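Engineer: Can you read through this structure? Questions will come right after.
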Amino acid sequence: MKPKRAAISVDERLLASFQQINDFYRQHGKEPQSNPGNILEFQLFNRLKGLRASKEKCEALQDVDEFKLLTYVEPAKPITSVADIFKDDSLGLLDDEAASIFQLKHVPLVKDMPDKIAQRKRCKDFEQFEPLFKQCHAELAAGVREVRGFTGEQQIQPGHFFILHGITAYVAEVGEKEVKNGKVNARLRCIFENGTESDMLLRSLATELYKDETGRRILDPTEKALEALELIQAEDKKSGYLYVLQSLSTVPEIANTKNLYKIGYSTVPVPERIKNAAEEPTYLMAKVKIVEVFECYNLNPQKFELLLHTFFGKACLNVDVYDQQGKRFSPREWFIAPLHIIEAAANMLINGDIVNYRYDADAQSIEER
């Protein structure tokens, strides 16, 4: 009988975990970066980020931190309400603001306001807009208005409401549209529910709405009626399915990679297409979970798929997979990107906005070109 092996202690496990980061630095002369194309480096980057966030672990590993990689970063104060944002306004950008008069349930508030949105000023004639926010709130409660996802710049029109980082915004004015470097833009007058306003650009607002996982538009009764008219008609021809999948692989390099999704196309229903996923290298030789399916009508789904692959190209997973006969494959349809970003990109393709944006693989966000 073999003697029982002593259990590895928490300290030993922590040391071994950090030693891999030391080894990477020793071999490459740099700390691991957020490189989605290299699974090991991407995992070590996130591990180092996690260690730096723990004062206790930084102190425990101080003696073996030969490359001085561990510097504890004090976490930012948690912001859980609009009131917290005003309390933490060290630059005085949000002084003298009225309390929120319109609080939408079930929409999480952001913990960090982007610079483009935070640089606002007090709305001196807010009393003219306050009744509009109250009416919008009442119509939402009565079901007259509805909340929908933001799907394109063309939705930014005067008189429309949006929800950005948990705060309701009203587009009071859209200035004259100008073309610069081949791109159309316009200056807005945007009123926020807390009594502030901004003269941000139309595309800046669109960018933030795309980036915000909880970004929404609020439909008025007329838009609801138009939406009903835009439903698929009998003569529309279904051309295929664009789908988003998540791997159920137990291989650590795959299972531990966050925001890893496959974007693919199929002419047959997706459940039928993936029934043999565990035997196909394109699915990483493992079962998969269906996350999203877009039914494609009157368009070329293969081109649709190719454009999405191009958009997320720098976030493509770099991995080799071997089939049951030992033949090597390098699937190029798996990408590391948050789901709401993939959904936003699909909508941008449909409405044509995608030419104005790019995907930042390091920040995992959509940015203006």
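Engineer: Using the Cβ atoms and a cut-off under 11 Å, what net charge is assigned to the surroundings of ALA172, where Lys and Arg are +1 and Asp and Glu are -1?
Structural biologist: Numbers: positive: ARG189; negative: ASP125, GLU173, GLU197, ASP199.
Surrounding charge for ALA172 is -3.
Engineer: Fewest to most neighbouring Cβ within 10 Å: what's the order for ILE366, ILE218? Show your work: numbers first, answer last.
Structural biologist: Values: ILE366 26, ILE218 21.
The fewest-first ordering by Cβ neighbours comes to ILE218, ILE366.
Engineer: What full-extension length gain, to one decimal in nm, is calculated for GLU173 and ASN22 as 0.36 nm per residue of separation minus the Cα-Cα distance? Before the final figure, lay out the partial values.
Structural biologist: Values: separation 151, 0.36 × 151 = 54.36 nm, distance 5.51 nm.
Here the answer is 48.9 nm.
Engineer: Report, to two decimal places, the Cα Rg of segment 238-368 normalised by 2.2 N^0.38 Å (N = number of residues). Write out the running numbers ahead of the final one.
Structural biologist: Details: Rg = 14.6 Å, N = 131, 2.2 N^0.38 = 14.0 Å.
Cα-based Rg divided by the globular estimate yields 1.04.
Engineer: Nearest 0.05, what FRET efficiency do ARG332 and LYS121 give at R0 = 51 Å with Cβ-Cβ as r? Before the final figure, lay out each step's value.
Structural biologist: Details: r = 48 Å, r/R0 = 0.93.
Calculated value: 0.60.
Engineer: Then there is this: For segment 10-64, report the translational diffusion coefficient in µm²/s to the nearest whole number, using Stokes-Einstein at 4 °C, 1.567 mPa s, and a Kirkwood Rh over Cα pairs.
Structural biologist: My calculation gives 112 µm²/s for D.
Engineer: Fewest first, what order do ASP220, ASP125 take by the number of other Cβ atoms within 10 Å?
Structural biologist: Final ranking by Cβ density, sparse to dense: ASP125, ASP220.
Engineer: Which of LYS238/LYS275; LYS124/LYS183; LYS177/LYS211; LYS55/LYS121; LYS211/LYS327 have a Cα-Cα distance over 30 Å?
Structural biologist: Values: LYS238/LYS275 22 Å; LYS124/LYS183 32 Å; LYS177/LYS211 23 Å; LYS55/LYS121 38 Å; LYS211/LYS327 40 Å.
The pairs that break the limit, which is 30 Å between Cα atoms, are LYS124/LYS183; LYS55/LYS121; LYS211/LYS327.
Engineer: How are the Cα pair distances of segment 139-226 distributed, in percent, across 5 Å bins from 0?
Structural biologist: Per 5 Å bin, starting at zero, the Cα-Cα P(r) for segment 139-226 comes out as 3, 14, 25, 26, 18, 10, 3, 1, 0 percent.
Engineer: Right, here's the next one. First measure r as the distance between the Cβ atoms of GLU56 and GLN33, then evaluate 1/(1 + (r/R0)^6) with R0 = 45 Å and state the FRET efficiency to the nearest 0.05. Can you show the working numbers first?
Structural biologist: Values: r = 25 Å, r/R0 = 0.56.
Between GLU56 and GLN33 the formula returns 0.95.
Engineer: Continuing with this model, one more query. Would you kindly state how much longer the chain becomes between LYS289 and ARG369 on full extension, computed as 0.36 nm times their sequence separation minus their alpha carbon distance, in nm to one decimal? Numbers along the way, then the final one.
Structural biologist: On the way: separation 80, 0.36 × 80 = 28.80 nm, distance 3.29 nm.
Full-extension gain reported as 25.5 nm.
Engineer: Between beta-carbons, use under 15 Å as the cut-off and find the net charge around ASP362, counting Lys and Arg +1, Asp and Glu -1.
Structural biologist: Taking every Cβ under 15 Å from that of ASP362, the sum is +2.
Engineer: I've got another one for you. Take ASN300 and THR71, extend 7 Å from each Cα along the Cα→Cβ direction, and tell me the distance between the two endpoints in nm.
Structural biologist: Inter-label distance under the simple model: 5.0 nm.
Engineer: Can I ask one more? Please report THR196, THR267 as a ranked list, fewest other C-beta atoms within 10 angstrom at the top and most at the bottom. Can you show the working numbers first?
Structural biologist: Numbers: THR196 24, THR267 12.
Placing the least packed residue first, the sequence is THR267, THR196.
Engineer: Also: To the nearest 0.05, what FRET efficiency results for ASN276 and ASP63 with a Förster distance of 51 Å applied to their C-beta separation? Working shown, then result.
Structural biologist: Values: r = 52 Å, r/R0 = 1.01.
According to the calculation, E is roughly 0.50.
Engineer: Which shape class applies to segment 308-369: rounded if a/c is under 1.5, otherwise prolate when a/b exceeds b/c and oblate if not, where a ≥ b ≥ c are the square roots of the Cα gyration tensor eigenvalues? Write out the running numbers ahead of the final one.
Structural biologist: On the way: a/c = 3.11, a/b = 2.39, b/c = 1.30.
It is prolate, given that a/c is not under 1.5 and a/b is the larger ratio.
Engineer: Next question. Can you give me the distance in nm between label points at TYR322 and HIS340, each placed 7 Å from the Cα along the Cα-to-Cβ direction?
Structural biologist: Inter-label distance under the simple model: 4.1 nm.
Engineer: While we're looking at this one, here's another question. Can you list residues whose amide H is under 5 Å from TRP334's amide H, if they're 5+ apart or on another chain and H is modeled 1.01 Å from N?
Structural biologist: LEU317
Throughout, read-outs are computed from the coordinates displayed, never taken from laboratory work. None of the values given here were measured: they were computed from a predicted structure. Heads up, the Cβs are rebuilt from the backbone with ideal geometry, glycines too, and the neighbour counts pull from every protein chain shown.
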